[in-house]
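Student: Let me give you the structure first, and then I'll get to my questions.
The values are calculated or read from the model by the stated rules, or taken from the named source; none is laboratory data. Being a predicted model, the structure only gives us computed values, none of them experimental. Don't worry about glycine lacking a Cβ; one is built from the backbone with ideal geometry, like all the others, and counts go over all protein chains shown. These area figures cover heavy atoms from the full protein model, side chains too; ligands, DNA and RNA do not enter into them. Shrake-Rupley method; radii C 1.70, N 1.55, O 1.52, S 1.80 Å.
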Amino acid sequence: MPELEWTESVAEIPSNGLEKKRSATAEECASIAAALGLVSCEGVAARYRITPRAGGRYALDGSIDADVTQECVVTLEPLPAHLTIPLSVEFVPEAGRTDESASDLIDPFATVDVEPIVQGRMEIGRVVVEEVASNLDPYPRRPESAFEWQDEKAAEASPFAALAKLKDRKPES
């Protein structure tokens, strides 16, 4: 997703790590809103620390704050939401760029998300947008809203309604 072009070059990460704070521009917020089907995205900010690890790996830890507006699934009214999302990702070299095999690089049972380092760059923006997307409420609904709808024709077409009509009919003599 090209919504946030936030990348970090592994060549520019000092041995003691790198700390950053980033905020999405108005254009980036509009792009995120369009990509995620939101009414609007008022802001996305990330604070993170990248720490070098053994084997060309890098640990990224931090948090994301996002202010978005979704549409209530019942009333279709705008529904603002504030998201605070912890961020914990491990970036690993692309397979074939190290002496280790690909199976040694990625543990499918790890509790930390694993992302590839692509051409010496870590795609922080893509990770941030994916985290925001996965933390959105899939069915946002105002607390006071209720969906009350009944299909009257469906009630008449019920087999039990047909049986009730037969029962109430008087036999012909």
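Student: Of the numbered conditions (1) surrounded by fewer than 14 Cβ atoms within 10 Å (Cβ to Cβ); (2) under 18 Å from Ile50 (Cβ atoms); (3) at pLDDT 65 or above, Ile117 satisfies every one except a single condition; which is it?
Tutor: (1)
Student: Filter the range 22-66 down to the residues that are of a type in the set (Asp, Glu), touching a residue at least 24 places away in the same chain (Cβ under 8 Å) and in contact with a Leu (Cβ under 8 Å, 6 or more places away or on another chain) and list them by number.
Tutor: Scanning the range 22-66 gives Glu28, Asp61.
Student: Please go through the range 27-61 and pick out each residue that is open to solvent by less than 30 Å² (accessible area, probe 1.4 Å) and more than 29 Å from Thr75 (Cα to Cα).
Tutor: So in the range 27-61, the residues open to solvent by less than 30 Å² (accessible area, probe 1.4 Å) come out as 29, 32-33, 38, 41, 43-44, 46, 48, 50, 59-60.
Result: Ala46, Tyr48, Ile50, Ala59, Leu60.
Student: Tell me, which residue of the range 12-47 that is assigned to a strand (DSSP E or B) and among the aliphatic types (A, V, I, L, M) is farthest from Glu131 (Cα to Cα)?
Tutor: Per the criteria, the residue is Leu18.
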